[in-house]
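Participant: Dropping a structure here in structure tokens format, bear with me for questions.
The values are calculated or read from the model by the stated rules, or taken from the named source; none is laboratory data. Treat the numbers as computed from the prediction; the structure is a model and nothing was measured. Heads up, the Cβs are rebuilt from the backbone with ideal geometry, glycines too, and the neighbour counts pull from every protein chain shown. For the accessible areas, the whole protein counts, side chains as well, though only heavy atoms, and no ligand, DNA or RNA atoms are used. Shrake-Rupley method; radii C 1.70, N 1.55, O 1.52, S 1.80 Å.
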Amino acid sequence: PYFAPTMERLKHFLLLTGEGEETELRGITMDAVGTFAEAVGRDVFRPYFDDMMRQAFNGIELGSARLRECSFLFFGVMARVFAEEFAPSLPAVVPPLLASCKQEETGQDSLSIEASDAVSAFATGTSPANAIAVLDETDAEVEIEDIDLDKMLDVNSAIAVEKEIAADTLGTLFAATGAQFLPFVESTALELVGLLPHYYEGIRKSATDSLLEIIRTFYDLSNPTEWQAGTPNPLDQHVKELIGHALPPLMDMYESEDNKGVVSSLCVGLAETINKIGPAFLENYYAQFCSMAVQILEQKAICQQDPDQDDSEEAPEDQAEYDSVLISAAGDLVAAMANAMGPSFSQAFATFFPLIAKYYKKSRSLSDRSASIGCLAEIISGMKGAITPSTEPLLELFYRAVGDSEAEVQSNAAFATGLLVENSEQDLSQQYIPLLGALRPLFEVAADAPGPRFNARDNAAGAVARLILRNTSAVPLDQVLPILFGALPLKHDFLENRPVFRAIVVLFRLTPQTLLPYLDGLLQVFAHVLDPNAQDQIGDEIRAELISLIGALNQDFAGKVQAAGLAVFVPGA
């Protein structure tokens, strides 16, 4: 209700053309309008689209790096909001973005000095061979004082930030508009590759993110077949070529990259791309990716080096705290490789397990402890039964982590424990009672507890369900079910609904009498998760199983099914 009157008040600011504060106000207004568009959506914003795009193009023409930056951000927002509807604007939008990426960043006056002269100027006096000459006033040679080194180093940081935004927006446009962007893919990819060696880390990060986004989008448009873990999947030739052009310079960049944020982005982007494309993306780069992840986890990457630290020393804990985002990103990369390689990841896991596990120590930050356990959980999910040889050391680690002081770590540990029991081929029935005892405190959550506590309870419920599914007879159902069902419906982690409801369906099939005392409560939970007006919490497969179960229950408990509002789900109703 506030959108239209707010736009009426703000639109005048988009006509400002003065320098200084007027430029800043115009830019901030353009940013705000983009935020409004994302909030209200395409249908409500559509009447304003043409005029706002016109103002964005006008901003580009005013000669201000700040306004160009705001216009580029706005184009990215419009592409996300309007998706394929934005495609007709691409021929007008992409050229200024590419032109921005090509800009020089020196001051307005071009330098009247050759690169070789610049090198000579910097080298003068560094050795007897190029000692600085003491010259007479009559000498005609150019003295070093005649070279304006400040001018040579006068880099326009505003233009660098503008190029960062331009590079980022190019990836956003392809992801949003899909096939309509294809005519611009080659020129865009070439421009982004050219930015990878840039001196400014923001540009390197944006170019990295956009290149990997372009690879993922290009792959989606190639009608790919579903891949199987550990088996290289056939790739479209054009996708192969794009990967071949982009990955070598990305890996070259890593070899000399001294910024942790850029390396973190590279790891996260590679992880997303591996999870999307599968084993084929690893075909020629698996060893390199593994080597990069090992370097980071050992804190030996160039971006982690402290010149004051002895090579044999481990990074101090306060430095490790600063590294947390990077360590987590490396974990994402390792987990993605496990997901793509499946059982074939076993050999690499022997190397990675101790490197990841060492980040679960009481002295480590919450972020490190949580990332360590979460990463191992994702690896188990990828490797499936091949995790069996490491079952005992993993279980011992997860026992400790379930008892952590922080709910975020407990949540990951409960998830990891459930996955280990589900996937390991080792019989863990003897561990069920101790495991259930360790998980029990996670179910005790006060109504006003913070979100992570509820998340931990949801993951504990998922873990208990996985124990039931793996070996129902090893679970004391009379003690466990009241606690498990008391945690339903799940509040935060809806993915754990899948094992929970699968366990309920299995119990109705195996021991229906056990569940009769809880039937009224369970039917209410079914109604909650099947509500067509609410967010999907269970997915199509579990929904179908629940509806089938409701049909079976209706034969004996039609009154209860109807009272719970579930009659509409009875087949033939």
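Participant: I need every pair where a residue in the stretch 391-406 that is under 16 Å from N459 (Cα atoms) has its Cβ under 7 Å from the Cβ of a residue that is assigned to a loop (DSSP other than H, G, I, E, B) and among the hydroxyl-bearing types (S, T, Y), sequence separation at least 6 or different chains.
Facilitator: Partner pairs satisfying both residue conditions: A401/Y360.
Participant: Inspect the stretch 343-357 for any residue being surrounded by fewer than 18 Cβ atoms within 10 Å (Cβ to Cβ), of a type in the set (A, V, I, L, M, F, W, C) and under 19 Å from the mean Cα position of the chain (by Cα) and give the result as yes or no.
Facilitator: no
Participant: Output the residues belonging to the stretch 291-323 that are small (G, A, S), in a helix (DSSP H, G or I) and either in contact with a Gly (Cβ under 7 Å, 6 or more places away or on another chain) or at pLDDT below 75 (or both).
Facilitator: Looking only at the stretch 291-323, we keep the residues that are small (G, A, S), and these are 291, 293, 301, 312, 315, 320.
Now drop any that are not in a helix (DSSP H, G or I), which leaves 291, 293, 320.
The answer is A320, and nothing else.
Participant: Moving on. Any idea which of F454, F415 is within 26 Å of the chain's Cα centre (by Cα), over 23 Å from R364 (Cα atoms) and open to solvent by less than 60 Å² (accessible area, probe 1.4 Å)? If you could, list the steps in order and put the result at the bottom.
Facilitator: Numbers: F415 fails: over 23 Å from R364 (Cα atoms).
Just a single option satisfies the conditions, and that option is F454.
Participant: Moving to a separate point now. Would you please list the contacts, defined by Cβ atoms under 7 Å and residues six or more apart or on different chains, that run from a residue in the stretch 550-573 that is at pLDDT 90 or above to a residue that is charged (D, E, K, R)?
Facilitator: K560/D520
Participant: Which of the residues belonging to the stretch 275-290 are surrounded by fewer than 17 Cβ atoms within 10 Å (Cβ to Cβ) and either of a type in the set (F, W, Y) or not in a helix (DSSP H, G or I) (or both)?
Facilitator: Correct list: E283, N284.
Participant: Same structure again: Please go through the stretch 527-573 and give me each residue that is hydrophobic (A, V, I, L, M, F, W, C), under 15 Å from L490 (Cα atoms) and in contact with a helix residue (DSSP H, G or I) (Cβ under 6 Å, 6 or more places away or on another chain), ordered by number. Show your work before the answer.
Facilitator: Filtering the stretch 527-573 down to residues hydrophobic (A, V, I, L, M, F, W, C) leaves 527, 529-530, 534, 538, 542, 544, 546-547, 549-550, 552-553, 557-558, 561, 563-564, 566-570, 573.
Then drop every residue that is not under 15 Å from L490 (Cα atoms), which leaves 527, 529-530, 534, 538, 542.
Correct list: I538, I542.
Participant: Here is a further query. Quick check, is Q288 polar (S, T, N, Q), at pLDDT 95 or above and within 20 Å of L211 (Cβ to Cβ)?
Facilitator: Working: polar (S, T, N, Q): yes; at pLDDT 95 or above: yes; within 20 Å of L211 (Cβ to Cβ): yes.
For Q288, the condition - polar (S, T, N, Q), at pLDDT 95 or above and within 20 Å of L211 (Cβ to Cβ) - is met.
Participant: Within the stretch 490-509, is there a residue that is under 29 Å from L419 (Cβ atoms), among the β-branched types (V, I, T) and assigned to a loop (DSSP other than H, G, I, E, B)? If you could, list the steps in order and put the result at the bottom.
Facilitator: Just the residues of the stretch 490-509 that are under 29 Å from L419 (Cβ atoms), to begin with: 490-509.
Okay, now just the ones that are also among the β-branched types (V, I, T), so 500, 504-506.
Still in the list and also assigned to a loop (DSSP other than H, G, I, E, B): none.
Looking for residues that are under 29 Å from L419 (Cβ atoms), among the β-branched types (V, I, T) and assigned to a loop (DSSP other than H, G, I, E, B), one finds none in the stretch 490-509, hence no.
Participant: For the condition crowded, with 16+ Cβ neighbours inside 10 Å, under 23 Å from E191 (Cα atoms) and in contact with a helix residue (DSSP H, G or I) (Cβ under 9 Å, 6 or more places away or on another chain), what is the one hit in P96, P88? Step through it out loud before you land on a result.
Facilitator: Details: P88 fails: crowded, with 16+ Cβ neighbours inside 10 Å.
One residue alone meets the criteria, P96.
Participant: Further question: Could you tell me how many of the residues in the stretch 4-16 are of a type outside the set (D, E, K, R) and surrounded by 14 or more Cβ atoms within 10 Å (Cβ to Cβ)?
Facilitator: Taking the stretch 4-16 and keeping what is of a type outside the set (D, E, K, R), we get 4-7, 10, 12-16.
Of the ones still in play, those that are also surrounded by 14 or more Cβ atoms within 10 Å (Cβ to Cβ) are 7, 10, 13-14, 16.
Total satisfying the criteria: 5.
Residues checked against (1) free of Cβ contacts under 8 Å to residues at least 40 places away in the same chain; (2) on the phi > 0 side of the Ramachandran plot; (3) touching a Pro at 6+ places or on another chain (Cβ under 9 Å); (4) of a type in the set (S, T, Y):
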residue: T417; (1), (2), (3), (4): no, no, no, yes
residue: L420; (1), (2), (3), (4): no, no, no, no
residue: Q431; (1), (2), (3), (4): yes, no, no, no
residue: F443; (1), (2), (3), (4): no, no, no, no
residue: A447; (1), (2), (3), (4): yes, no, no, no
residue: R453; (1), (2), (3), (4): no, no, no, no
residue: L469; (1), (2), (3), (4): no, no, yes, no
residue: L481; (1), (2), (3), (4): yes, no, yes, no
residue: L490; (1), (2), (3), (4): no, no, no, no
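Participant: Go through E272, E255, E186 for me and flag whichever is open to solvent by 10 Å² or more (accessible area, probe 1.4 Å) and without any contact (Cβ under 8 Å) to a residue 12 or more places away in the chain. Talk me through it step by step, then tell me what you get.
Facilitator: Working: E272 fails: without any contact (Cβ under 8 Å) to a residue 12 or more places away in the chain; E255 fails: without any contact (Cβ under 8 Å) to a residue 12 or more places away in the chain.
Criteria check complete, one pass: E186.
Participant: Would the stretch 220-230 turn up any residue that is among the hydroxyl-bearing types (S, T, Y) and in contact (Cβ under 8 Å) with a residue 24 or more places away in the chain? Explain how you work it out, then say what you get.
Facilitator: At the first step, the residues of the stretch 220-230 found to be among the hydroxyl-bearing types (S, T, Y) are 222, 225.
Now narrow it down to the ones that are in contact (Cβ under 8 Å) with a residue 24 or more places away in the chain: none.
No, because not a single residue in the stretch 220-230 is among the hydroxyl-bearing types (S, T, Y) and in contact (Cβ under 8 Å) with a residue 24 or more places away in the chain.
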